[in-house]
Amino acid sequence: MAVAVSREDFYEISPADFFYRNRDIAGFSNPARALYSAVRELVENSLDAGELARKPPDIYVRLSCDGEKGEEGSSVYTLRVEDNGSGVPARNVPQAFGQVFYGSKYRLRQARGTFGLGGTMAILYGQITTNSPVRVISSADGKRIHDYTLMIDIRNNRPIVLKHKVFSNHDGWRGTAIETRLEGEYSRAMPKILEYFRQTAIVAPYANLTFVDPKGRLYRFERATEDLPRPPVETKPHPYGIDVETMKRMIAVTQCRDMASFLREHFHRIGRTVAIRFLVEEAKIPPRRRPKKLSNEEIVKLVKAMKRFNGFRAPSADCLSPLGVELFKAGIVKELNPEFVSVKQRPPSVYLGYPFIVEVAVAYGGGIPRTGDIVLYRFANRIPLLYDEASDVAWKVVHHLVNWRYYKVDPSNDPVAVFIHVCSTKIPYRSVGKEFMADVPEIEREILNGVRDAARDLSLFLSKKIAVEREKQRLDIFEKYLPKIARFSAELAGRKPPDIKPLLKSVVKYDLEEGKEDVGN
């Protein structure tokens, strides 16, 4: 009797097809989350474009309901995002918006985007749920406006250009406008979308953000300054962060004829002296050896030697663009108007060869809500992180490693907020959705030190605030009884009652008027 043998078929799928089947891992898991993710990804692209053009961003977002019903109680919306940024060159528009894993983010420098996926994923989700094309209007040169209507060939991960029109740009406008239709559930997504805009206004105080929701309500977040953070500079890989595959790729394309010049040319902050010392003492490779002559075993040994060698200089922070103390403080004051705020920027540090900078702020009072716990705001490369808060390393530091009572803070009663911003060439996200950072010891240490430093300033402020309140109570008692004592004493002595105002000032230890306002350093 013949036995049937099962046979497994093997085939390849494109990146677009993969995310079509697994869109939940990119943050498009349900209609509410998808609507929020689409807004966020397109706004972040617009912010990057404005900063690239070195112009304070003006971003307009409109979300309108088309009246059609989708699946599971969702509705069909049209999302339009328009900016005044650098624009996209016409030759790159189809691939930039119609091909997954195509973009300008694959460089070793700080950027909001990490995977070059977000904007295209929003368009892909819209096509999946409504079968509608995306419209992209862009001008990169200020002379011509290109109007594309596109769809994505999901099977082959290629753009399909349905229409392409070119117009004269009489106004000299530069920027990009994207219009896409997608299913969503705004009633559930609204709190997250509005909170995203509010936190983006904190961490990008140089941007004008305008949002019009499906009910026609206008939300406007005005810029507080026109100063922009300094732009990041593209850098080379640091030897501590290299792996075997990257090393093989470098060797395959290098024009260098010896290993000493290869290390100097392709790696960050390696000079000739250090290169020769590393090759001779640690790697045991002749400095004049040709890179392309290395065997696979020698390449593996070279990479391992790089990770052992302690003579390499730490990475430079030029590839990073921290917000800065003044801009960070301006955003917090603009949106929350706290009674006190202290902002600290930690010195540059390194994890696995990647440089990073941690910025921390602690604020008290004003518009900070009383939630019964410390309010935590998390940012990574100027992106607000709104989901999976308890999984983040910042949550661990703020809620488990810091004893707030030591700093005179009662978390269950005091209106205190902590702001954590981490910028790096490689943020250690634990998901493609970019919502929380992994528990990296180096980053945890810098966050903890930054929080403690800012909390000490808050402790001094609260100590003074308590002392001033006590002085006010003393002054109230003196103001109540001293005039009577002075009047009775003067009547008994047969004299005119004295002026007691100088006496009242002499018994108060603090200048009460000075203590009324303090927004920290």
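The values are calculated or read from the model by the stated rules, or taken from the named source; none is laboratory data. It should be emphasised that the depicted structure is a prediction, and the values quoted were computed from it without experimental measurement. Methodologically, a virtual Cβ is constructed for each residue, glycine included, from the backbone with ideal geometry; neighbour enumeration extends over all protein chains shown. These accessible areas exclude ligands, DNA and RNA; they are computed on the full protein's heavy atoms, side chains included. Shrake-Rupley method; radii C 1.70, N 1.55, O 1.52, S 1.80 Å.
Here the dipole of the chain is about 1600 debye; that uses its Cα centre as origin and unit charges on the Cβ of Lys and Arg (positive) and Asp and Glu (negative).
Derived scalar couplings between HN and Hα for the range 130-147 equal 10, 6, 10, x, 9, 10, 10, 10, 8, 9, 9, 10, x, 10, 10, 10, 9, 10 Hz in order, rounded to whole Hz, by the Karplus curve 6.51 cos²θ - 1.76 cosθ + 1.60 (θ = phi - 60°), x for Gly and Pro. Report the net charge of residues surrounding GLU12, where surrounding means a beta-carbon distance below 14 angstrom and charges are Lys +1, Arg +1, Asp -1, Glu -1. Net charge in that neighbourhood comes out at 0. Distance between the pseudo-spin-label points of ILE466 and TRP173 (7 Å out from Cα toward the beta carbon): 5.8 nm.
Averaged per residue, the chain has 50 square angstrom of accessible surface, using a 1.4 angstrom probe with ligands and nucleic acids left out.
Evaluated with a Cβ-only charge set (Lys, Arg +1; Asp, Glu -1), the range 175-222 carries a dipole of roughly 120 debye about its Cα centre, given to the nearest 20. Highest average first, the peptides 218-230, 341-353 ordered by how many other beta carbon atoms sit within 10 Å of their residues are 341-353, 218-230. The separation of the range 362-431 from the range 153-199, counted between C-alpha centres, amounts to 31 Å. Of the options (i) 52, 34, 22; (ii) 41, 31, 24; (iii) 43, 31, 25, only one is semi-axes √(5λ) of the Cα gyration tensor in Å as computed from these coordinates, and that is (i). Annotation for GLU234 and PHE18: the two label points, set 7 Å from Cα along the Cα-Cβ direction, are 2.4 nm apart. Converting the Cα gyration tensor eigenvalues of the range 39-102 into ellipsoid dimensions via √(5λ) gives semi-axes, longest first, of 27, 16, 9 Å.
Working from label points 7 Å from Cα in the Cα-to-Cβ sense, the ASN337 to ASN156 distance is 5.8 nm. Each of the peptides 90-97, 75-82 was scored by the mean count of other Cβ atoms within 10 Å over its residues; in descending order, highest first, they stand as 75-82, 90-97.
Seen against the Cα atoms of the chain and their longest principal axis, helix 186-203 is set at about 70 degrees. Positive contributions from Lys and Arg (+1) and negative ones from Asp and Glu (-1), summed over other residues with Cβ under 13 Å from the Cβ of ARG80, come out at -2.
Measure nothing but the geometry: give the 0 to 90° angle between the long axis through the Cα atoms of 296-308 and the longest principal axis through the Cα atoms of the chain, rounded to 10°. Roughly 10 degrees between the two axes.
Counting only protein heavy atoms and a probe of 1.4 Å, the accessible surface of the chain is 50% carbon and sulfur. The angle between the Cα long axis of helix 31-52 and the longest principal axis of the Cα atoms of the chain comes to about 90 degrees, rounded to the nearest 10. Legend: calculated FRET efficiency, GLN95 to LYS248, from the Cβ-Cβ distance at R0 = 41 Å, rounded to 0.05, equals 0.95. Ordering 166-174, 368-376, 146-154 by mean Cβ neighbour count within 10 Å, with the highest value first, yields 146-154, 368-376, 166-174.
Of the residues SER431, ALA201, PHE461, the one whose Cα sits farthest toward the positive end of the charge dipole of the chain, with +1 on the Cβ of Lys and Arg and -1 on the Cβ of Asp and Glu, is PHE461.
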